[in-house]
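Q: This structure is in structure tokens; I'll ask about it shortly.
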Amino acid sequence: MTDKAFSIDEDELQAFVDGRLDGDRHAAVEAHLAAYPELAERIALERRQRAMLRSRLDAKFAEPIPAHLRIATLRAARRTFWARGWTSAAAAVALFVAGATAGWFANAIAPGPAPLSPAPTASVAQGAHAAYRTFVVEVAHPVEVGVQQEAHLLQWLSKRLGRKLAAPDLSPFGYRLMGGRLLPGGNGAAAQLMYDDASGRRLTIYVRAADGTETAFRFQKEGEAATFAWIDQGFGFAVTATATREELLPIAEAVYRGFEGKS
């Protein structure tokens, strides 16, 4: 086995957890894990976590696909989008042709490749990290509504997101609720709940509507901030803190259990 075969990055480990690797790469990851017992233990835990989430969502998967997500509906919406786009393009062409030659014009309007969208859980994790980085440093106004108005805060955020929210109890981990705020997120609203511990270290929970069926936890770390993100029943969730993966995982599991079934 060459050194190249053991060049295993975080995305490939996530693909292994999700069961998306075949052939040589699957074997390379297995060999890599055999050589690093601590990493193998972590990956085994994440695979068990994925299996647990999938078992709890089996009933949801068995439900009929909502009308707005059916292939025929999506195709019709896409045709409408392209029809409108071509109408606008035709108007632009009519104005442009007067001042350009046909060859130059054809080259100018040639469409380029569409940008790739990030995976749903990656997008949720990125949104959570950006919100954490923005507000965790605030001293005077870390939250929009404080814990003194917790009932009002949760009712307000629940109404804006269209989902009943609760503030998970993180006291077993030394964190207490500070409050929260409403944020823009994806194509709608997002909620951020902020906690702190006795030392002043802060942790945030981020929630927004999100499509996708990625039930496994996704781990992301940028600088000192670590994030666990997942999708459940049409919503994306993320927990972010300055912590190690091992410290943050049990907190993420507690948050998952705290939100489970609250739709």
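Coordinate-derived values only; no laboratory data. This is a predicted model, so every value here is computed, not measured. Every residue, glycine among them, receives a Cβ derived from its backbone with ideal geometry; neighbour counts consider all protein chains shown.
Q: May I ask you to evaluate 6.51 cos²θ - 1.76 cosθ + 1.60, the Karplus curve with θ = phi - 60°, for each residue of segment 251-258 and list the ³J(HN,Hα) values in order in whole Hz, giving x for glycine and proline?
A: Those phi angles translate into 5, 4, 5, 5, 5, 4, 5, x Hz.
Q: Taking the Cα centre of segment 120-259 as origin and charging only Cβ (+1 Lys, Arg; -1 Asp, Glu), how large is the dipole, in debye to the nearest 20?
A: Working: 14 positive and 14 negative charges, 65 e Å.
Here the size comes out at about 320 debye.
Q: Given the Cα-Cα distance of Asp11 and Arg257 and 0.36 nm per residue of separation, how much length would full extension add, in nm? Spell out each step's value before the answer.
A: Values: separation 246, 0.36 × 246 = 88.56 nm, distance 2.56 nm.
Gain on extension, Asp11 to Arg257, equals 86.0 nm.
Q: Work out how far the C-alpha atoms of segment 120-259 reach from end to end along every principal axis, then list the three figures in whole Å, largest first.
A: Its Cα atoms span 36, 34, 25 Å along the three principal axes.
Q: Next up: Can you compute 3J(HN,Hα) from phi for each residue in segment 240-247, using the Karplus curve 6.51 cos²θ - 1.76 cosθ + 1.60 with θ = phi - 60°, rounded to whole Hz and x for Gly and Pro?
A: Ordered by residue, 3J(HN,Hα) equals 10, 6, 7, 7, 7, 4, 5, 6 Hz.
Q: For an R0 of 35 angstrom, estimate the FRET efficiency from the Cβ-Cβ distance between Asp22 and Val139 and round to the nearest 0.05. Display every interim value, and only then the final one.
A: Working: r = 51 Å, r/R0 = 1.45.
So, using R0 = 35 Å, E works out to roughly 0.10.
Q: Just the projected area, averaged over all directions, of the convex hull on the alpha carbon atoms of segment 150-219: how many nm²? Show your work: numbers first, answer last.
A: On the way: hull surface 22.5 nm².
Over every viewing direction, the Cα hull of segment 150-219 projects on average to 5.6 nm².
Q: Could I ask something else about it? Long-range amide H contacts for Phe235: which residues qualify at under 5 Å (H placed 1.01 Å from N, peptide plane, sequence gap of 5 or more or a different chain)?
A: Ala210
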